[in-house]
């Protein structure tokens, strides 16, 4: 078995995603600790991890083996390597030595992120999500973490080009509370955020779930706090050229979802787009640069 820290190996998250159908409930709790509290894995003992996961040390060792590692020390090494690469703030990552070819590095990382993210799309999940989002009787609300907000706004704009009833949740705590208070049991919430997750967003999702809303999550782990709250989950690759995480994988998945919604709505979406285009033409809002 190759060294778990080698960049060609699957990430810890990918290993967990591939093992979810083989782990017991107790082993899943260990996996949850790996992803939600990686410092415990990286710097703790088997006994400390077992306490965090409310299980035994033997279960921790078995979970590491099911993830494909040669025991707990190998899992620990892999988590330490990912922590050093992914969880440091941008202010630290930007001080790393320059790459010889930052453009080429960005190309490779971005292509890998797009391919990994799109390949992970479960076709059954995709069908369920596009069906929900194309149901015009159900309001769709997009909620995003602070760094994910631009991606979510673009997705909301594209959906609003296809149908009515699209809005976003966000702003001050007062505004967010007011928006969540109007959520009903027919609403669909699309939640987008990557580690480290915004706590206010998780609180808002809990409130929306209490009101009976259906949650779709786009996140970076199959057992992230968003995924735990969602009926449908898309997992995306987020490693990017330093110092920031990459959202190109998330954009690719959202592009696929928007296209799937457009395909389902077909004639209705075409009529909606025609009305928007007519409004733009009347107002002269856009120009092709020829006059």
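Using only Cα atoms, find the angle between the long axis of helix 123-133 and the longest principal axis of the chain, and express it within 0 to 90 degrees, rounded to the nearest 10.
Here the helix axis deviates by roughly 40 degrees.
How are the alpha carbon pair distances in region 100-150 distributed across 10 Å bins from zero to the largest one, expressed in percent?
19, 26, 37, 13, 4, 0
Residue 280 to residue 244: extension gain in nm, 0.36 nm per residue of separation minus the Cα-Cα distance?
Working: separation 36, 0.36 × 36 = 12.96 nm, distance 3.64 nm.
Full extension from residue 280 to residue 244 adds 9.3 nm.
To the nearest 10 degrees, how steeply does helix 72-82 sit against the main Cα axis of the chain, on a 0 to 90 scale?
On a 0 to 90 degree scale, this one is about 40.
When the helices in the chain are scored as -39500 (n - 2.57) per DSSP H run of 4 or longer and the sum is shared across all residues, what 222 nm value do you end up with, to the nearest 500 deg cm²/dmol?
-16500 deg cm²/dmol
How far apart, in nanometres, would the label points at residue 47 and residue 118 be if each is projected 7 angstrom from Cα along the Cα-to-Cβ direction?
5.1
For an R0 of 25 angstrom, estimate the FRET efficiency from the Cβ-Cβ distance between residue 22 and residue 210 and round to the nearest 0.05. Numbers along the way, then the final one.
Working: r = 33 Å, r/R0 = 1.31.
Result of the calculation: an efficiency of 0.15.
How much of the pair distance distribution for region 199-239 lies past 13 Å, counting alpha-carbon pairs only, in percent?
49
Length gain on complete extension for the stretch residue 39 to residue 196, per 0.36 nm per residue less the alpha carbon to alpha carbon distance?
In short, 55.2 nm is gained.
Once both axes come from the Cα atoms, what is the angle between helix 199-210 and the longest principal axis of the chain, in degrees from 0 to 90, rounded to 10?
Relative to the chain, helix 199-210 is tipped by roughly 70 degrees.
Going out from 0 in 10 Å bins, what whole percent of all Cα-Cα distances in the chain drops into each bin?
Taking every Cα pair in the chain, the percentages come to 6, 25, 30, 24, 11, 3, 1, 0.
With a point put 7 Å past each Cα toward its Cβ, work out how far residue 267 is from residue 126 in nm, to one decimal.
A separation of 2.6 nm, rounded to one decimal place.
Mind computing the radius of gyration and Dmax over the alpha-carbon atoms of region 168-235? Å is fine for both.
Rg and Dmax of region 168-235, Cα atoms, are 11.2, 31 Å.
With springs only between Cα atoms under 10 Å apart, run a GNM on the chain and tell me which of 212, 249, 152 wobbles the most.
It is 212.
Taking Cα centroids, how far is region 135-177 from region 185-220 in Å?
12
For the chain, with a Gaussian network of springs between Cα atoms less than 10 Å apart, report the residue from 243, 173, 225 with the top mean-square fluctuation.
Looking only at 243, 173, 225, the largest GNM fluctuation is found for 173.
Taking region 12-87, how much of its Cα-Cα pair set, in percent, is spaced more than 19 angstrom apart?
Working: 585 of 2850 pairs.
Considering region 12-87, 21 percent of its Cα-Cα pairs are separated by more than 19 Å.
Comparing 40, 188, 129, which has the greatest mean-square fluctuation in the GNM of the chain with Cα pairs linked when under 10 Å apart?
40
Can you give the extra length, in nm with one decimal, that the chain gains between residue 255 and residue 58 once fully stretched, where that is 0.36 nm per residue apart less the Cα-Cα distance?
Gain in length upon complete extension: 66.6 nm.
Remind me, what semi-axes does region 110-229 give for its equivalent ellipsoid, largest first in whole Å, using sqrt of 5 times each Cα gyration tensor eigenvalue? It would help to have the intermediate numbers written out before the result.
Values: eigenvalues 91, 63, 39 Å².
Square roots of five times the eigenvalues give 21, 18, 14 Å.
Throughout, read-outs are computed from the coordinates displayed, never taken from laboratory work. Owing to the predicted nature of the structure, the values given are computational and were not obtained by experimental measurement. Ideal geometry is used to build each Cβ from the backbone, glycine not excepted, and the neighbour counts take in all protein chains shown.
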